[in-house]
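Scroll down for the structure; my scribbles are underneath it.
The values are calculated or read from the model by the stated rules, or taken from the named source; none is laboratory data. Quick caveat: nothing in here was measured; it's all calculated off a predicted structure. Cβ coordinates were reconstructed from backbone atoms using ideal geometry, including for glycine residues, and neighbour counts include every protein chain displayed. For the accessible areas, the whole protein counts, side chains as well, though only heavy atoms, and no ligand, DNA or RNA atoms are used. Shrake-Rupley method; radii C 1.70, N 1.55, O 1.52, S 1.80 Å.
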Amino acid sequence: MVAVKIEAQLPTNLFQKSHPPMFVLNIESKRTVKGKYYVALKKITEKKFKFIREEKLILKRGIKSSKLELPEIWQAPIISEQAGFYEIFARVVTGEYEYFSDTLTFAFQSDSILFSTTNPIDFESFWLNTLSDLDSINPYFELTEHTDKQQDSIKVFKLIFRSLDTMCIKAWYCFPISDKPLPAILIIPSYGNTPIQIPYTLAQLGFAVVAIQIHGLDVEVDNYPEGDDPSAGQNLDNPSEYYLRKAVASAKRAIDFFYTRNEVDTASIGVAGTSQGGGLALLLTGVDNRIKATVATIPTLCSFTEGIESGCCSRVLRSISNGLVNKTTALRTLSYFDANNFTTRFTKPVLLSAHFKDRISAPNTVFALYNRIPSRTKQLIFHTNLGHEFPVNHWEIPYEWLRAVLVK
C-alpha cells in the first residue's frame, strides 16, 4: 500500500516569477518497494496532462518527502503567456500497481491573468434598447404581507411585478422595523429552479431585502419543475431571446421597486448572488449605476471564451454538440452577457470569490475579471480546495462586507 500526496510550498497556491511553483511530494509506503514516480501538469483550459518528470525511486517503510522544483518550465521569455491556473498530480508505479495523488490546482502570475473583451459592435445599443423596452412596461408592483412568516421584528411580504414581455416575477421582500431608512440588498438566485428562501439573515443585519425568482415561478411553493433547467442551452442564436436578457431586466426592475419604498435608503443599494446569481449581479451592476456595492461569489458569466475551455457552460456545449447552434454564434450571443465586457463600469465596491477546484465558475475567469476591475474598493477571497460548492458559512464574510460598505 502506497499513499501519494503533493503539496504546494505556498499555502495560497499562488506563485510568481520571483517564487516559481515549488511543491513537496510525500510518498508513504507500508514496505520497501522499487518503482518510478511521474509528475503531470496542464493548464486548466487544456484537455490532456503532460508528464514533465520521471524518476526512479526506492521506497522504504515510512514517508519519503522530496522537494519538487520545476524552474525550467517558468522561464519563458514572455511570462504573461504562462500566467494562468494549472493542475498538477503525481503518479507512483511499483510493479503491477499504480498510485495517484489528488490533483492540486495552483496559479502562476495570477495578477497577470487577463482575457480580451468581446463586445459586439451593437453592445451598447443592445442594452439601451433592453432597458427602454423594460421602461415601456408598467411594473404593477404588488405587495402581500405574510404575518405568519414574520420573525421577531422582520416584516415579510410577497412581491409581484411585471418585467420584459410582461413576465410576472415573484419575490420575497422583508425588512426590519426601523425608525430610519434602511440600506437595501437584492439577492439573485443561482442557476435552476430551486425554492427561494426568505432572506431573514440579511434583514436581521439591518437591510431591506428582495430575493427574486427570475423565471416567473412562485416563491411560495416548493414543487418546481423536476430535472435540468434547459434555459442556458436555448435561443443561443438570438441574444434578444436569451434568458439572461430577461433575468437582468427583472433584476433591474427589483431595483426600481426599492425606489418606491419609504423605508429604503436609495443611496445604499447593493446586489448579491452566487454562481449564476453572482454573474447576474455583475451584469446588473454593469447596466444600472444605482448599485452601490456588488457581491459576486464564485460567479459564472465571466469570460465565456475561456470559461468554455475550462469546463463550464455544459448546456451551451451540449447545444453545440447536438447541432442546435454553432460555437461562433453561441459565443457571440453570450458576449452580450459576459461580465468581462462590463468591467470598466465596476467603479464602486466589489467583492468576488473563487474556488480553485471549481470548473463551473472557473478560477481563471474570476481572477481575470478581478484584474480588470478599476474600483479601488475591490476584494477577492478564495479557497484552494473547494469546487463549485457552498460551505455552511459561505455568506458570513460577504454579509459583513456589505454591512461595512453600505450601513451608515
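Label zone (F100, point 7 Å along Cα-to-C-beta; backbone nitrogen cut-off 17 Å) within the range 2-23: 2-7. Bridgeable aspartates and glutamates around K64 (alpha carbons under 12 Å apart, same-chain partners fewer than 8 residues away excluded): E28. When each of the peptides 130-141, 269-280, 86-97 is scored by how many other beta carbons lie within 10 Å of its residues on average, the order from highest to lowest is 269-280, 86-97, 130-141.
With both residues required to sit in the chain, DSSP beta bridges show an antiparallel share near 70%. In the range 127-215, Cα pairs under 8 Å separated by at least six residues give a relative contact order of 26 percent. Ordered from largest to smallest accessible area (heavy atoms of protein chains, 1.4 Å probe), the residues M1, M167 come out as M1, M167. Ignoring lysines fewer than eight residues from K60 along the same chain, the ones with Cα atoms less than 22 angstrom from its Cα are K5, K30, K34, K36. Only helical runs count toward this figure. For the chain, summing -39,500 (n - 2.57) over DSSP H runs of n ≥ 4 and dividing by all residues gives -6500 deg cm²/dmol at 222 nm. The residues of the range 133-201 expose, per residue, 49 Å² of accessible area to a 1.4 Å probe.
So, with a 1.4 angstrom probe, what is the percent of accessible area on the chain that is carbon and sulfur? Intermediate values should be presented prior to the final figure.
Details: 9130 of 18720 Å².
Percent of accessible area from carbon and sulfur atoms in the chain: 49.
For F141 and E7, the difference between the fully extended length at 0.36 nm per residue and the C-alpha to C-alpha distance is 42.8 nm.
If the chain linking T328 and N238 were pulled fully straight, counting 0.36 nm for each residue of separation and taking away their Cα-Cα distance, it would gain 31.2 nm.
Please give the charge dipole size of the range 108-193, origin at the Cα centre, charges +1 on K and R Cβ atoms and -1 on D and E Cβ atoms. Round to the nearest 20 debye.
Values: 6 positive and 11 negative charges, 68 e Å.
The calculation lands at about 320 debye.
Residues in the range 215-362 average 34 Å² of solvent-accessible surface per residue, probe 1.4 Å, ligands and nucleic acids excluded.
Probe of 1.4 angstrom, ligands and nucleic acids ignored: what's the accessible area per residue over the range 20-63, in square angstrom?
Accessible area per residue, the range 20-63: 63 Å².
Modelled spin labels at E220 and R403, positioned 7 Å past Cα toward Cβ, are 3.3 nm from each other. Straight-line reach from K47: taking Cα to Cα under 22 Å and skipping same-chain neighbours fewer than 8 places apart, the lysines in range are K327, K357.
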